[in-house]
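One structure, pasted below without further comment.
The values are calculated or read from the model by the stated rules, or taken from the named source; none is laboratory data. As the structure is a prediction and not an experimental result, all values here were calculated from the model. Positions of Cβ are backbone-derived with ideal geometry, glycine not excepted, and every protein chain shown enters the neighbour counts. Surface accessibility is based on the protein's heavy atoms, side chains included, excluding ligands, DNA and RNA. Shrake-Rupley method; radii C 1.70, N 1.55, O 1.52, S 1.80 Å.
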Amino acid sequence: MSDPKPQPHVALLPSSGMGHLTPFFRLAALLTTKYNCRVTFITTSQTVSLAESNSIASFLSAFPEIIPINFNLLPFDSTTANSTDPFFLQFEAISRSAHLIAPLLASSSLPVSALIIDVTLAASFVPATADLHLPRYILFTSSAKMLSLCAYFPAAAAVSESSEDSDIFRDGICINDSLVIPKSWLPLPLLDLTNLFTTQFIANGEKLLHSDGILISTLDDLERDTLGELNAGKIVNGLPPVIPIGPLTPCDFERGNGTQLSWLDDQAENSVVYISFGSRTSLPRNQIRELGDGLLKSGHKFLWVIKDMKVDKDDEDGVEEIVGYEFIEKAKDYGLVVKTWVDQFGILSHPAVGGFVTHCGWNSVTEAALCGVPMLAWPQGGDQRVNAKVIESGGMGLWVESWGWGGELVKGNEIGMKIKELMEDEGLRVRAAHVKKEARKVGKHVGGGAHKLGFLEIIEGWK
Ligand code: UDP
Ligand code: G50
C-alpha cells in the first residue's frame, strides 16, 4: 500500500457575530469531512452574544476531531474607539491582539499549513502572520458585489480625502462602467471616514491584496458576472484569485430543537411567509407593530421571529409586550410569533414556506437560495442593500428601494401588499427553484464541478 497522503492542517480565524462565525463553522466542517484536512479553530476568550458562545460549544462537540485554540485577548478600552457597535468594537479588540497569534500558531504541536482569516480581521492578521510563511486566505463573508465595494473603497476614500467637495459620494461610487454603487446603498458608517467601521473597512480592503486568495460563499447563478469582473482585474488591479467555495451548506449541529417545524407540518405547501432579520438586527417597536399589521393584512400565514435588542443578552421583554396583546389575539389563527433562536435552515427547507422577508444578511440570502425560497428584501443596514440588489437582479425576490433605513416608518398597508405580491408571484417561484437546483449542484461539487479550478487545487497545494 502507498503511504496515505499528507493531511493539510488548516487554522481558521473567525470574527465576531453569527454572520461571521457561521460560515467558518460550515467551512471547517467541509474541510474536515470532505477534504481530509485537520482543522484548528481559533476562538476568542469572550464573545458578544450568547448565540455565539452557545453555537461554538455545539460546534466543538459535534466535531471532536477539530482542534480548538483559545485566543486570549488583551484588555481593550472601547471608549477610545469611534463606534458604539459592540460587534465592530469586538473586531477591533481582536485586531489589537493580532501580534499574539504568531507565537500561538507556531506552538501548535501539528505544524499549520494554511491560515484562513475573516475579512474583518485581514488588516491586522495578514501582516501579523507574514513571518510564519504560510499561505493566508481571506474568507469574505458577504456577496461578491460587496467584495467589489470592499476592494475598491480604499481608492474611493483616498480621492475623497484629498477633495474639497464635502459630499464626494454624492453620485455613488463608480467602480467601473458596469458597476456603480449608489450613495444610498453604502453601509451608513462609510459616509464618515473617521468612523471605526470605515477605518477598518479601508484597511481590510487594502490588505486583501496582500493575501494569497479570497474565498467566498456565493452562487454562480446570482453573481457570475461579478466574480468574472473581480478575477479579470476589472474591479481593482492586483487582487489575488477570488475563489467561490459555496454556497456553504448548514451543518446538522446548527439545527437545534426546531419546535416551529411541527407547526409548519400542519400548513399547506408554499402558504407561509417566514420573517426574520437575522441575529443582530432589531426593528424599532413602532416598525414591529406596523409589520404585524402588514402580516395580518397580507392574508397569508406567517412564522415571525422577533428581535427586540441588537445583542441577545439584553433581550428581556416577552413577545406579547413587544407586538401587543391585541395582535397576539388576532394572529392566533394565522401565524406563529417567536422570540427565540430558530432552526432557520429547517424552516426555509420546509415545503410550507413560500416566501421570506429578510434583512439580506448574506448567510440568510444563501440559505434561501439553497432552499429555493423567494425573498422580500428589506435591508436594515451594513452590506444589506448591496445584497438586496443581488437578490433583485438575480430574479430571486422583490426589493422596495424606497423603504429606507434612516428610521422612516413603513406602514402596514404597504408591507401587507408587498408580502401578498411576494407570495403570489409565480415567476419568482420558478426562478427561485432554478437557483436552488443550480446551487445544490455546485454545493455537491464544491471544489469540483463549476469551481474545479478553485478550492480543491488550492487545498492540494497545502499538502
Ligand atoms: N439564524 C438562525 N436562527 C435565528 C437567527 C439566525 O439560524 O433565529 C442564522 C441564520 O440562518 C444565518 C445566521 O444566523 O445563518 C445569520 O446570518 P446573516 O448573515 O443572515 O445575518 P446577521 O445575523 O449576520 O445579520
Ligand atoms: C457588517 C456591516 C457592514 C458590512 C458587513 C458586515 C460585511 C461586509 C464585509 O458584516 O460583512 C466587511 C465587513 C467589515 C470589514 C470589511 C468587510 O471591515 O455592518 O458591510
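Take the residues in the range 132-148 that are assigned to a helix (DSSP H, G or I) and of a type outside the set (Gly, Ala, Ser), then tell me which one is surrounded by the fewest Cβ atoms within 10 Å (Cβ to Cβ). Full working, then the answer.
Within the range 132-148, the subset assigned to a helix (DSSP H, G or I) is 132, 144-148.
Still in the list and also of a type outside the set (Gly, Ala, Ser): 132, 145-147.
Numbers: LEU132: 17, LYS145: 26, MET146: 27, LEU147: 28.
Per the stated criteria, the residue is LEU132.
Right, next: Among LEU239, LEU193, LEU219, which is within 16 Å of ligand 1 (Cβ to nearest atom) and not β-branched (Val, Ile, Thr)? If you could, list the steps in order and put the result at the bottom.
On the way: LEU239 fails: within 16 Å of ligand 1 (Cβ to nearest atom); LEU193 fails: within 16 Å of ligand 1 (Cβ to nearest atom).
Unique residue meeting the criteria: LEU219.
So, in the range 248-299, of the ones that are among the β-branched types (Val, Ile, Thr) and part of a loop (DSSP other than H, G, I, E, B), which residue ends up nearest to ligand 2 (Cβ to nearest atom)? Quick ask: steps written out before the conclusion?
In the first step, residues of the range 248-299 are kept if they are among the β-branched types (Val, Ile, Thr); the result is 249, 259, 272-273, 275, 281, 288.
In the following step, the residues that additionally are part of a loop (DSSP other than H, G, I, E, B) were identified as 249, 259, 281.
Numbers: THR249: 19, THR259: 29, THR281: 10 Å.
Per the stated criteria, the residue is THR281.
Kindly provide the set of residues from the range 217-232 that are more than 15 Å from ALA369 (Cβ to Cβ) and open to solvent by 30 Å² or more (accessible area, probe 1.4 Å), ordered by number.
Of everything in the range 217-232, those that are more than 15 Å from ALA369 (Cβ to Cβ) and open to solvent by 30 Å² or more (accessible area, probe 1.4 Å) turn out to be ASP225, GLY228, GLU229, ASN231, ALA232.
Follow-up. Can you list residue pairs whose Cβ atoms sit under 9 Å apart, with the first residue in the range 240-267 being free of Cβ contacts under 8 Å to residues at least 40 places away in the same chain and the second being open to solvent by less than 30 Å² (accessible area, probe 1.4 Å) and among the acidic types (Asp, Glu)? Count only pairs 6 or more apart in sequence or on different chains.
Matching pairs, first to second residue: THR259/ASP343.
Moving on. Identify, please: which residue in the range 272-293 is of a type in the set (Ser, Thr, Tyr) and open to solvent by less than 30 Å² (accessible area, probe 1.4 Å) and is, among those, nearest to PHE88 (Cα to Cα)? Give the derivation first.
Going residue by residue through the range 272-293, those that are of a type in the set (Ser, Thr, Tyr) are 274, 276, 279, 281-282.
When the remaining residues are screened for being open to solvent by less than 30 Å² (accessible area, probe 1.4 Å), the result is 274, 276, 281.
Numbers: TYR274: 28, SER276: 22, THR281: 14 Å.
My answer is THR281.
Out of the helices (runs of 4 or more DSSP H) lying entirely within the range 306-414, which hold 2 or more residues that are over 28 Å from SER16 (Cβ atoms)? Break it down into steps so the answer makes sense when it comes.
Numbers: elements: 319-323, 325-331, 344-349, 362-371, 384-393.
By residue number, 319-323, 325-331, 384-393.
Now, a different point. Quick one: how many residues across the range 295-319 are surrounded by 21 or more Cβ atoms within 10 Å (Cβ to Cβ) and closer than 13 Å to GLY355 by Cβ?
Selection size over the range 295-319: 7.
Quick check on my filter: what residues within the range 387-422 are within 16 Å of ligand 1 (Cβ to nearest atom) and crowded, with 24+ Cβ neighbours inside 10 Å?
Passing the criteria: ASN387, ALA388, VAL390, ILE391, MET396, GLY397.
Turning to a different aspect of this structure: Taking only the range 94-130 into account, find how many residues are modelled with pLDDT of 95 or more and polar (S, T, N, Q).
Final tally of qualifying residues: 6.
Continuing with this model, one more query. Could you list all residues from the range 21-67 that are within 19 Å of the chain's Cα centre (by Cα) and over 30 Å from LYS307 (Cα atoms)?
Once the filter is applied, which keeps residues that are within 19 Å of the chain's Cα centre (by Cα) and over 30 Å from LYS307 (Cα atoms), the range 21-67 yields only LEU30.
Note down all Cβ pairs under 7 Å where the first residue falls in the range 403-428 and is in contact (Cβ under 8 Å) with a residue 40 or more places away in the chain, the second is aromatic (Phe, Trp, Tyr) and not in a helix (DSSP H, G or I), and they're at least six residues apart or on different chains.
Final answer for the pair search is VAL410/TRP403.
Tell me, which strands (runs of 3 or more DSSP E) lie completely within the range 1-104 with 2 or more residues that are surrounded by 20 or more Cβ atoms within 10 Å (Cβ to Cβ)? Can you show your working first?
Numbers: elements: 9-13, 38-44, 67-71.
Per the criteria, 9-13, 38-44.
I would also like to ask the following. Here are some residues: GLY361, GLY355, GLY324. Which one is over 17 Å from VAL390 (Cβ atoms) and surrounded by 23 or more Cβ atoms within 10 Å (Cβ to Cβ)?
On the way: GLY361 fails: over 17 Å from VAL390 (Cβ atoms); GLY324 fails: surrounded by 23 or more Cβ atoms within 10 Å (Cβ to Cβ).
The match here is GLY355.
Contact list please: Cβ distance under 8 Å, first residue in the range 151-173 and in the same structural domain as PRO187 (by TED's automatic domain parsing) and of a type in the set (Val, Ile, Thr), second residue part of a helix (DSSP H, G or I) and open to solvent by 60 Å² or more (accessible area, probe 1.4 Å), pairs at least six apart or on different chains.
Matching pairs, first to second residue: ILE168/VAL159; ILE173/LYS183.
Quickly run through the range 333-363 and pick out the residues that are touching a Ser or Thr at 6+ places or on another chain (Cβ under 7 Å) and within 13 Å of GLY397 (Cα to Cα).
Going through the range 333-363, the residues touching a Ser or Thr at 6+ places or on another chain (Cβ under 7 Å) turn out to be 344, 352, 354, 358-359, 362-363.
Residues satisfying the conditions are GLY354, THR358, HIS359.
Also, quick follow-up: Looking at the range 167-180, is at least one residue away from ligand 2 (no atom under 16 Å from the Cβ) and closer than 27 Å to PHE71 by Cβ?
Taking every residue of the range 167-180 in turn, none turns out to be away from ligand 2 (no atom under 16 Å from the Cβ) and closer than 27 Å to PHE71 by Cβ.
Next question. Taking LEU188 and the conditions (1) within 16 Å of ligand 1 (Cβ to nearest atom); (2) open to solvent by less than 60 Å² (accessible area, probe 1.4 Å), which numbered condition does it fall short on, given that it satisfies the others?
(2) is the only condition that LEU188 fails.
Also, I was wondering about something else. If CYS251 satisfies all but one of (1) surrounded by fewer than 21 Cβ atoms within 10 Å (Cβ to Cβ); (2) more than 18 Å from the chain's Cα centre (by Cα), what's the number of the condition it fails?
(2)
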